[in-house]
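The structure appears below as structure tokens.
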Amino acid sequence: MDLNSFSLLSLWSATALYALALIAFALDLARRSAEVKQAADAEALEGTGSLATEQAAGGVAVKVRPPKKATGAAAVTAKRSPSLRSAMALTVLGFLLHVAADVTRGLAAGRVPWANLYEFVMTGTMLVIAVFLVVNIKVDLRYLGTFITGLVVSLLCMATINFYVAVAPLPPALQSAWLVIHVFVATTAMGFLALGCALSVLQLLQARTEARGTSLANMKLKFMATFPSAERLENLAYRTIIVGFVLWTFTLIFGSIWAEAAWGRYWGWDTKEVWTFIIWVIYAGYIHARATRGWRGTRSSWLAVIGFAAVIFNFTVVNIFFKGLHSYSGL
């Protein structure tokens, strides 16, 4: 088996492990919903929606805190979760195989493994998982696992089935040290922006739940009661997106410097350049509006979601269907 075949096998194996992790994360959400229902039943038996109770549910300690609003949903915190621990272990194992796939693809090609769309998706999703795992060391964001692994599995399946190309030499314009710097910064930015998008989606769901002020028993997505408040989710998204925005700014700067070295101009209104700038404007607007005009809550979260949708559009549709100097999909 040559290095490229080993890379492809490792990537499929990593995808399978991420898929198993996705199932385990989903089972954790189902478990959370079941515990919320038990907590709601306990509230009903006590005859009050504000009494703090603690009970044992299937050997798992569940703590029900009083809601912030009289009609709001109570928060439920599960202290132990075998499915969540299994999901994180599978994610780590998948990440290690993912790294092996990325490194061996680079060794087989004799260059960095992000010169075409297949390699970019492979490296980009690896960095999405890396950011997720690293941030979890500081802040517990394991409840995002379903959304992060779901995104990664979808992108990897699309890349390996539709975007795969054999190892090929670099085009002349890509034979530069800026390939390492520019694209690596862009993919790392994508990891932080993906995390910010996932947090923003949850913020939208949580804000809707809090606005309705429904009881635990009437909540449609009961597991949302185990997540942080909408305000906390928004603050986490903002801090994450700030890092991604700074990296995206350097992506623009480094890309302009590379363009001048390769084509003799810093900016040429190429489709990819325009979309990269559009993404920068969206996130700059998100940060500016939230910081100076009080765009807190739902409006800022929608901007974050739109921004990441533009990122995905830029790295897929623009690469495949638009012609230009940045058409390096390899398809």
**Request:** Work out the P(r) tail for the range 171-326: percent of alpha carbon pairs separated by more than 27 Å, whole number.
**Result:** 33 percent
**Complete:** Note on the range 171-326: contact order normalised by length, alpha-carbon pairs under 8 Å, 6 or more apart, percent, works out to 31 percent
**Request:** Taking 7 Å along the Cα-to-C-beta vector as the label spot, tell me the Arg296-Phe277 distance in nanometres, rounded to one decimal.
**Result:** 3.5 nm
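Coordinate-derived values only; no laboratory data. These numbers were taken from a predicted model, which means no experiment stands behind them. No Cβ is skipped: glycine too gets one built from the backbone with ideal geometry, and neighbour counts run over all protein chains shown.
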